[in-house]
Amino acid sequence: MDPKKKTVGFVPEHDINTSDLPSPGSSNNNSTINSPVSALSNTPDLSSANTPLLASNPGSSASTPPASSTQPRSINKSGARSSYEPMKSSYEEQWGLADRASGSQKAHKMASPRDGSGFPKDQQQQQAGKQKEGKGKRVSISSPVISATSKDAKSSGLGIQGSGPASAEASGSSSPAQAGPGGKGPQKPSAPSQKSMTKAERRELQEKQKAEKAARLQAGLPASGKKAAQVLAQPNSGFSPNPTKSLASSFPGVEAEKAIAAAAESTSQIKKREKLTKEIGLFAHLDPPKFANTASAHKDLHPAVVNVGLQMAQFKICGANARCVATMSAFRKAIQDYQTPPNTTLSRHMQTYLNPHISYLVTCRPMAVSMGNAIRYLKYEIGNNLELPDEDARALYLEKIDNFIRDRITMADQVITSLGLNKIQDGDVILTYARSSVVQGLLLAAHAKGIKFRVIVVDSRPRFEGKQLLRALASAGVSCTYVLLTAIGHVMREVNKVILGAHSLLSNGALYSRAGTAVVAMSAHERKIPVIVLCETYKFSDRVQLDSFVQNEIGNPDELVNDQNNNFGHSSSRRYDSVTSSASSAAAGGVLSGWKESRDLKLLNLLYDLTPSEFVTVVITEVGLIPCTSVPVILREYLPMIQQ
Amino acid sequence: MDKEFDVVANYKTLLVESPEISMPVAAIESLVELIKHSKATTMSEFMLSIKDASQRLKSSVRNSISLSAGCDLFLRFVTRNSHDVADFETWKATLISRGQSFVEKADACRYKIAELGVPFIRDGSTVLIHAHSRVVSLLLQKAAADHKRFKVFVTESSQTQGGIRSAKVLRAAGIPTTIILDAAVGYVIDKVDMVLVGAEGVVENGGLINQIGSYQMAIVAKAANKPFYAVAESYKFVRLFPLNQYDLPTYNADTLSFQELNTDHDAKSLEDGTPSSASQTALHLKTAEDQTSQGSNPLVDYTPPNYITLLFTDLGVLTPSGVSDELIKLYL
Amino acid sequence: MSLNKNELVDDLVAKLKRRQLVGSSAVSQATLKLLVVVISKNNWSTANQLLTLVKSVGQKLIQANPTELAVGNIIRRVLHVIREEYREAENDKTNTEFHHHAAPLTTSSSMYNLLGESGAAQEEQVQFSHSLRSNIIQEIRDIKIELENIHENIKNQAPLHIHSNEIIMTIGRSKTVEEFLKMAASKRKFQVLVAETAPSYHGQEMALELSKAGIETTVIPDSAVFAVMSRVNKVILGTHAVLANGGLVAISGSHMMAAAAKHHSIPVVVCTGLYKLSPLYPYDEDSFNVTMNPDSVLGFEEGDLIEKVTVTNPYYDYVSPDFVNLFITNQGGHPPSYLYRLIVENYDPDDQTFDL
């Protein structure tokens, strides 16, 4: 590992901010985009963990306007992503990292005087710190950029957003040997010369380099400057630099002028870029799919948290309860192993310590409501007990975490099970969808109690989560039927109850759960079959949402390709009702294996959906059976009490 | 001579003699009898006498929708064929023979309908029927004879005792039948697989006129997403287009009227809330049944076509929109 | 000579039984070809004989594959053609009986005939003539041409129904819908969302074809159908068969898509040729369904699970007529309530079941 790149032990808040997050993702996004530079694969590359958080960031500017924490995040460096309306879909904002705003000011102060904060006075580190800081700044530049360009780019009703970030900077200047995405450390050859530059100059250079790289990517060139130069050198390469237009007035500085000078990106070019990047216009406001990586994990994160993050990203831990428990347990370990740095107390520093962990988890997968509520509770407890001595505080936090898991999850599940047992009778035919841990618990308990019922498990692509549930039930001896979601019209006639799990219940009574839940609930509602939802109160959210677009999670589109990896070797079955079947379907690679090369083909892997409240008959929580429209009542009345 | 041929009396006799006959068929048969006895010598006289007779028939019976349908059909037939008449007597003879063959075939209609409807009764299903309808009973009997296993709920329909009659007939055929209160239709609807009713008349838009309670059942069936089938012979298609319940010819102002308080006794005792001994006899609180027999509770209601899934007729299984097609063809 | 004819019939029967010949279009064309041979090569002198002949062939074919409704439709079409030709031939002969003038106006199912004589007896009397035979064969050839041009007629209506910047959703793979969308794409710019239709994954094939034609296509998993429906402008479905009440027998997953569309008040359009219209009613939802190999749902890799659970893989779905807003057929666009008319025009009520 490059010694120059030794990272700081405790990274100040402002350095770990949203801007970092897309970059690891972006490095992986490149692999899904037709960029030749897909040096990084999607697999977590532990070797790259050696490199600091900035791995994919070739440079960052620093002199630009201060980060404003309310800026929407998730700008992909490659320029592939667009940002969007200033809606707070940023999970950090929601889940308590919003004190980044004050944090960034604090961090500025912290950075210089306190060496106790763990900042070695090494200039390299400082530079590294500045780089991080600069990256953060980059975000704020970008968002005005986006809104400006989106106005221009508004040609189709499909919400094509403007181009990504800071590609404003003229791509004309080709900079030497810029670090490629991910996997490589930041500045290599240029680093020595940076020593001689002032801080401001360094920042400028880094920002410029970063912008150039972004512009290159946007134009479809390889990210690395060398390779891009090669491509451009070839005649008939067909590439022309197309930087974003009119970033102009939104930000001051050198970059602005360059931006103004930059040619406008025409609508068709935007469209082309969108096609290149396979971004779905309808969901442009959401984060792009995330992939497992440790590139964003610097070595000062507690390994337990890194572990959990990786497991979540690979869907080895999935499900609201599982993720929450895993997260809380990991935090528990982190708190246990935590050593208070000098000149501060544990209670005062704890939040700062935890925030990078939280950010890292968000980079692995967007924050689940359950996790978010748990973290918020933890922070609330931390904030409430600032005056405690260190060891007492630590013990308190551990106890609170344990209690939370015990009371709000484990015991709650037991209460829900006992309440739910009243609703299952002999002779019932129960339908459930995908895999909910609470539903599994209830069905197993009912079976153990001796109630005679049978279960229909409905499952769907691409995750086939229902198979786990099926296995658990079948091993326990429950009589089960297994179908895919398309057969729901066919099986629903035999069913007399539907029991579903939830990711979250929203304040307008809607159910936010695994994609496909809405289809199941709608089919049951059609036949007047009661729909029972099992949901612990800690999953209630005060968000309101009307449809599945406002907030959602987009998964890895490659999961939809029906190939060996995804479908256990099943190629699509021979067409029953047609003599001809397309030759490609017989290919082991699956019909869509060439989707990235196809100009007009996109894949959308949506992970959640919203079920309107009228489809849900009753919600069973640990405080009793409630209609789903009573969620805000519970939030108002019960939660303060429960929290004590 | 026999201008005194009393078509109404003949009609009533027919109904008594053959209980299985339906009203429109009896009406047509009476009209055929009238033709036999008619001494008219000119075309116009003849037509007038037929028209007059059918008017009398219609007004003699209170619930005359199906009767009207039958009469109108016969009239239409006569009118249509009155054009190329070579010989009056031959024509009369033809009318008589046609009419008689129709009456004979009318029975066969029911069997045809039963055959069409039987496949819709699935093994293991539960059927909800309304009061007593001969065609429905026939259909269910045929299904039972075809070795289908099914159960039947029938509404009591106490004023006509229709439910009890149906239950008797069905139980005799070996079908497990349960009589339910009319008010319990909403309660049982989730247990049934389909609803089957007969018809007094089928109107132009495919809507149904049937014994009171049918509309309610149709609404409940629609809310519960259960199919609602109506069974009707094609001679019950009538050229009416009701806009709502109250647009029927059977409607009169007395229906469902609010009773006046008769005596001061009543008024006083009602104020006190204490029934005086005198008022106990004086208070003629009419029960619904009393009201029905005195014409102030309706006997039939109208079910709009969007509640009806399919109609089983001897012309085939029709959707409600297909009915108007048939009517147009006839009356064109 | 007759041996050859029987061989042909048996050959087709075998193909249908072994499911070597599947797909409404292919089956219809094969059946028509066979019927032409049967009619032209057999000896018959009266209408009844001919009808009986065709019905017997029809019975065999339908028994070979009862869920392939197209066979029955074609047989009924041909029977209808035969009856019509006879009626016309009969009406050419002058007739003084007064009820006959009504015959061409009304079909045999008219209420009017309640009081008239039944027309069945008349078929007996007309002798066949060569012109009659060739007329019938000609009519059948016309039907054949109509079948071949189905896609042409349907897709020409595409620009009427699809407009700029619309988002269309579809499921499964239907050649008719594919042609429809491709034709629209040549004149308009729009997007298509295709549900991948597990476990057959026909949706994926459809998406591939559409994208090759330059239409902006997105593949979504079936679970996302309700989620994205609020942004969709139209749902366009293909179907295996259309039943007499307007209901559809379409690929598994169509029901949930149509129901989701209804919930969001999105119009559902069905593109189908008239040869798929069957005069049969769905006695229950599964009358015409088939179940497929469950291996594609739960494969043998999950061996330990398979012995403990039941797996169902229905191929078709029944879509109730309430969910369908419009049928686009080779004869134009019709609402579901009009189908009875098309049935009356193309089939005879006596042919519901082929009882001889």
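Values quoted throughout were computed directly from the atomic coordinates according to the rules given, and no laboratory measurement underlies them. For clarity, every value in this text was computed on a predicted model and none was experimentally measured. As a convention, Cβ positions derive from the backbone with ideal geometry for all residues, glycine included, and neighbour counts pool all protein chains shown.
Just tell me how shielded B:110-118 is by partners: mean number of partner chain Cβ atoms within 10 Å of each residue's Cβ, no decimals. The partial results should precede the final answer.
Details: counts 0, 0, 0, 0, 0, 2, 3, 0, 1.
Mean shielding by partner chains, rounded to a whole number: 1.
Note on the stretch A:303-413: semi-axes of the ellipsoid equivalent to its C-alpha gyration tensor, largest first and rounded to whole Å, are 23, 16, 11. Ignoring the sites themselves, chain B has its longest run without trypsin sites (Lys or Arg not before Pro) in a DSSP loop having at most 14 other Cβ atoms within 10 Å at B:150-285.
Pairs of Cα atoms nearer than 8 Å and 6+ residues apart set the relative contact order; for chain B it is 17 percent. Summary of the geometry: the stretch A:324-351 and the stretch B:169-220, compared by the centres of their Cα atoms, lie 70 Å apart.
Label sites at B:Lys168 and C:Asn165, each approximated as a point 7 angstrom past Cα along Cα to Cβ, lie 7.2 nm apart. Computed from the Cβ-Cβ distance with R0 of 25 Å, the FRET efficiency linking A:Thr629 to A:Asn422 stands at 0.70. Its relative contact order, with pairs defined as Cα atoms under 8 Å and 6+ residues apart, puts the stretch C:151-346 at 22 percent. In terms of packing, defined here as the mean over residues of other Cβ atoms within 10 angstrom, the peptides A:517-523, A:198-204 line up highest first as A:517-523, A:198-204.
Counted by Cβ distance under 12 Å from A:Lys467, the other residues give a net charge of -1, where Lys and Arg count +1 and Asp and Glu count -1. Angle check, please: helix C:69-92 long axis (alpha carbons) against the longest principal axis of chain C (alpha carbons), in degrees 0 to 90, nearest 10. Approximately 30 degrees, to the nearest 10. Compared with the dominant Cα axis of chain C, that is its longest principal axis, helix C:47-64 is turned about 30°.
In peptide C:298-311, what is the residue-averaged number of other protein chain Cβ atoms found within 10 Å of each Cβ?
Rounded to a whole number, the mean comes out at 5.
All other residues with a Cβ under 9 Å from the Cβ of A:Ser504 taken together, and with Lys, Arg as +1 and Asp, Glu as -1, what is their net charge? Around A:Ser504, the surrounding residues sum to +2.
Annotation for the stretch A:328-406: GluC sites (Glu not before Pro) lying in DSSP loop with at most 15 further Cβ atoms inside 10 Å of their Cβ are A:Glu387.
For the stretch A:303-413, what's the relative contact order in percent, using C-alpha pairs closer than 8 Å and at least 6 residues apart?
Details: 90 pairs, mean separation 40.6, N = 111.
Relative contact order comes out at 37 percent.
For the stretch B:110-168 and the stretch C:189-247, what is the centre-to-centre distance using only Cα atoms, to the nearest Å? The stretch B:110-168 and the stretch C:189-247 have Cα centres separated by 43 Å.
Ignoring the sites themselves, what is the longest stretch of chain B with no GluC sites (Glu not before Pro) in a DSSP loop and at most 15 other beta-carbon atoms within 10 Å? Write out the running numbers ahead of the final one.
Numbers: sites that count: B:Glu4, B:Glu20, B:Glu260.
Longest site-free region, per DSSP loop and neighbour criteria: B:21-259.
On the basis of the beta-carbon distance and an R0 of 60 Å, A:Lys449 and C:Leu8 show a calculated FRET efficiency of 0.40. Counting only other chain Cβ atoms within 10 Å of each residue's Cβ, the peptide A:513-520 averages 6.
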